[in-house]
1. Failed condition for LEU182, given (1) under 24 Å from the mean Cα position of the chain (by Cα); (2) open to solvent by less than 30 Å² (accessible area, probe 1.4 Å), with all others met?
2. Restricting to strands (runs of 3 or more DSSP E) lying wholly in region 167-249: which have 2 or more residues that are in contact with a His (Cβ under 8 Å, 6 or more places away or on another chain)?
3. Kindly evaluate GLU213 against the criterion of being of a type in the set (D, E, K, R) and open to solvent by 70 Å² or more (accessible area, probe 1.4 Å).
4. Does region 185-197 include one or more residues that are surrounded by fewer than 18 Cβ atoms within 10 Å (Cβ to Cβ), within 29 Å of PRO75 (Cα to Cα), touching a residue at least 12 places away in the same chain (Cβ under 8 Å) and touching a Lys or Arg at 6+ places or on another chain (Cβ under 6 Å)?
5. Taking the residues in region 198-210 that are among the charged types (D, E, K, R) and open to solvent by 70 Å² or more (accessible area, probe 1.4 Å) as candidates, determine which candidate is modelled with the lowest pLDDT.
6. Touching an Asp or Glu at 6+ places or on another chain (Cβ under 6 Å) and modelled with pLDDT under 80: does that describe THR109?
7. Which residue out of ALA42, ALA85, ALA93 is open to solvent by 30 Å² or more (accessible area, probe 1.4 Å), at pLDDT 65 or above and among the hydrophobic types (A, V, I, L, M, F, W, C)?
8. Please tell me if THR219 is at pLDDT 95 or above, open to solvent by less than 60 Å² (accessible area, probe 1.4 Å) and touching a Gly at 6+ places or on another chain (Cβ under 6 Å).
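The values are calculated or read from the model by the stated rules, or taken from the named source; none is laboratory data. Here the structure is a predicted model, which is why all the values come from computation and not from measurement. Cβ placement follows ideal geometry from the backbone for every residue including glycine, while neighbour counts extend to all protein chains displayed. The area values use the complete protein model at the heavy-atom level, side chains included, leaving out ligands, DNA and RNA. Shrake-Rupley method; radii C 1.70, N 1.55, O 1.52, S 1.80 Å.
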Amino acid sequence: MVDRRSGVPAFRQVASDLRRKISAGTYSPGDQLPSERELTEAYDVSRPTVRDAINMLKSEGLVTSEHGRGVFVRPPATIQRIARARLSRAARAQNKGAFLADAATRGFTPSTSVKVRFEQADIRVAEHLAIAEGTEVTVRDRVMRADGLVVQLAVSRLPRDITRGTAIEEVDTGSGGTYARLEEAGQVIGRFVEHVGARMPTPDEASLFQVAEGVPVVTVTRVAYSAEGTPLEMNDMVLAGDRYELSYEWLAD
């Protein structure tokens, strides 16, 4: 029940009580909240009041809604992205490169949806890949999830003259991923360079990540170079700022 004499809007009182129950563990990460009907009866409020309360919790990043299923308490786990051996040949040989390595470290269940398309390189892509503007590139557009929650968006672009006829142009690239297929095609990878930044999410990104209002996204642009120094791939990644910890380690000498 809400206190109608307190002067505090009813939806804020409902949100505060649900927030307290989430904090206390009454509703644990992954638990489904009661339905709108159940909440209206429990708090003796209208459905719009309940919806406003749920929207407040969603804006704070405490809950997430799934169409046709309901509202769930958002898992709190942080994904540690360790920039050390995540892209090594050894990791790729064990099919534990990049996102799969993050999953193994933090114990979440990874899933990825992939779309493949072809387009002409704009000036930014052309500069990173050292190709002429307008050159055809293969685009691998991925949405990555941890325990069903979207945590990373990644768009890779590679010159099509090195992907044509390879599994890189398929949704499933096979064990070891794109980099293993590149090396099978004779493109030995020599090094990676990453550029890290941060910005506020676009409306589409905020909707996909379901981040709280004011939470930024982390951006990482990685370029893979051949042993000879030729750019092979440009990968633009967007990471949910409240879900990731980026860790870097290198030798002192």
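1. Checking LEU182 against (1) under 24 Å from the mean Cα position of the chain (by Cα); (2) open to solvent by less than 30 Å² (accessible area, probe 1.4 Å), the one that fails is (1).
2. Of the strands (runs of 3 or more DSSP E) lying wholly inside region 167-249, those with at least 2 residues that are in contact with a His (Cβ under 8 Å, 6 or more places away or on another chain) span 217-226, 231-240.
3. Yes.
4. Checking region 185-197: at least one residue is surrounded by fewer than 18 Cβ atoms within 10 Å (Cβ to Cβ), within 29 Å of PRO75 (Cα to Cα), touching a residue at least 12 places away in the same chain (Cβ under 8 Å) and touching a Lys or Arg at 6+ places or on another chain (Cβ under 6 Å).
5. Quick first cut of region 198-210, residues among the charged types (D, E, K, R) only: 199, 204-205.
Narrowing further to those that are open to solvent by 70 Å² or more (accessible area, probe 1.4 Å): 199, 204.
Values: ARG199: 95, ASP204: 91.
Selected residue: ASP204.
6. yes
7. Exactly one of ALA42, ALA85, ALA93 is open to solvent by 30 Å² or more (accessible area, probe 1.4 Å), at pLDDT 65 or above and among the hydrophobic types (A, V, I, L, M, F, W, C), namely ALA42.
8. Answer is yes for this residue.
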